[in-house]
Amino acid sequence: MYIKEDIIRLKKRKGITIFCHNYQTGDIQDISDFVGDSLELSKKAQRVESSKILFAGVRFMAETAKILSPMKKIIFPIMEAGCEMADMVDIDLLRKMKKENPNAAVVAYVNTTAEVKSLSDVCCTSANAAKIVNSIKENEIIFLPDKNLASFVKRQTNKKIIPYNGWCYVHDQINENDILRAREKHANAVLFIHPEARENIQLMADYVLSTGGMVKKAGELKANEFIVGTEEGMVYRLKKLYPSKDFYSLREKPPLRCVNMKKTKIDDIKISLENEEPEIILNSKIIELAGKAIERMLILS
Ligand code: SF4
């Protein structure tokens, strides 16, 4: 019952900063110091003074924080909370693609493992993918792992995009009927779609945005109603930020829910704060190489 108070007391006493992705449950968002998308959290991880960070999200995000701040202790409560899309990348296949396309730069979405990042030239997020692709000198790009984000980028560049065949099952399952039903139910609402949705779905949206982009756009627009076409956790975040506006999940049954994002429960946060573990440990060579790809993204974005 008093778990939130216990957590707030514990993190203060131990000097641990809690980072939380937009897709975490509302109770975890409420006890966190920073809530945001991958890009926002990566930037914050570098700047935050505390030497210990607890990361509520999925593993690649905690790894990214470790890569950017190797001297910091990164506590990640549930090690099994991976990302299905990140795990789709086969290292041998990536090496083969690089060999077959020797002039191509490898642009890796941050939703990749540390090892994949270490084999890439630069990282990107859904917020800056097109900007990164257009900023680098190469005209051929191996883009991984998300084929849907790749098609979003393709519409914003003249460069040759060679996509990896990966996808996020949460967004890739959105179909045209979901859009039509939501539009019918909320006729005056603005429709946001995440670029991990399929191209035909992106083309039906009013705005195709990263979660950070949704936060910004919902604040800028005069509209009072929004259909949120991404993981359900985002609705809580938007409602909390803009209590006078209405936000609806694009689909409630079955919900757009990422099982891995929901593996961390508030009790796990408390236990991890008490024990200061489990901790993210990465090989120093991987940290060095993956760090270059992430740093390059931060400079270009
Ligand atoms: S929502 Fe999709 S991309 Fe994000 S962690 Fe879940 S499976 Fe991975």
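One residue is enough: does segment 211-221 have a residue meeting the conditions within 16 Å of the ligand (Cβ to nearest atom), polar (S, T, N, Q) and more than 20 Å from Ala187 (Cα to Cα)?
Yes, segment 211-221 has at least one match.
Do we find that Ile266 is buried (at least 22 other Cβ atoms within 10 Å of the Cβ) and in contact (Cβ under 8 Å) with a residue 24 or more places away in the chain in this structure?
Taking the combined requirement at face value, the residue does not satisfy it.
Tell me yes or no: at least one residue of segment 57-66 is away from the ligand (no atom under 13 Å from the Cβ) and not assigned by TED's automatic domain parsing to the domain that holds Glu138.
Scanning segment 57-66, I find at least one residue that is away from the ligand (no atom under 13 Å from the Cβ) and not assigned by TED's automatic domain parsing to the domain that holds Glu138, so the answer is yes.
Report every pair of residues separated by at least 6 positions or lying on different chains whose Cβ atoms are under 9 Å apart, first residue within segment 77-99 and without any contact (Cβ under 8 Å) to a residue 40 or more places away in the chain and of a type in the set (A, V, I, L, M, F, W, C), second within 16 Å of the ligand (Cβ to nearest atom) and in a helix (DSSP H, G or I).
Ile91/Val116
(1) within 16 Å of the ligand (Cβ to nearest atom); (2) touching a His at 6+ places or on another chain (Cβ under 8 Å); (3) closer than 29 Å to Asp27 by Cα: which one isn't true of Tyr236, the others all being true?
With (1) within 16 Å of the ligand (Cβ to nearest atom); (2) touching a His at 6+ places or on another chain (Cβ under 8 Å); (3) closer than 29 Å to Asp27 by Cα applied to Tyr236, the lone miss is (2).
If you scan segment 30-47, which residues turn out to be in contact with a strand residue (DSSP E or B) (Cβ under 7 Å, 6 or more places away or on another chain) and part of a strand (DSSP E or B)?
Phe34, Val35
So, in segment 67-90, exactly how many residues are in a loop (DSSP other than H, G, I, E, B) and of a type in the set (A, V, I, L, M, F, W, C)?
Within segment 67-90, residues that are in a loop (DSSP other than H, G, I, E, B) and of a type in the set (A, V, I, L, M, F, W, C) number 8.
Restricting to segment 196-210, give me the number of residues that are more than 19 Å from Leu144 (Cβ to Cβ), within 16 Å of the ligand (Cβ to nearest atom) and part of a helix (DSSP H, G or I).
The total comes to 1.
The values are calculated or read from the model by the stated rules, or taken from the named source; none is laboratory data. What you are looking at is a predicted structure, and each value in this text was computed from that prediction instead of being measured. As a convention, Cβ positions derive from the backbone with ideal geometry for all residues, glycine included, and neighbour counts pool all protein chains shown.
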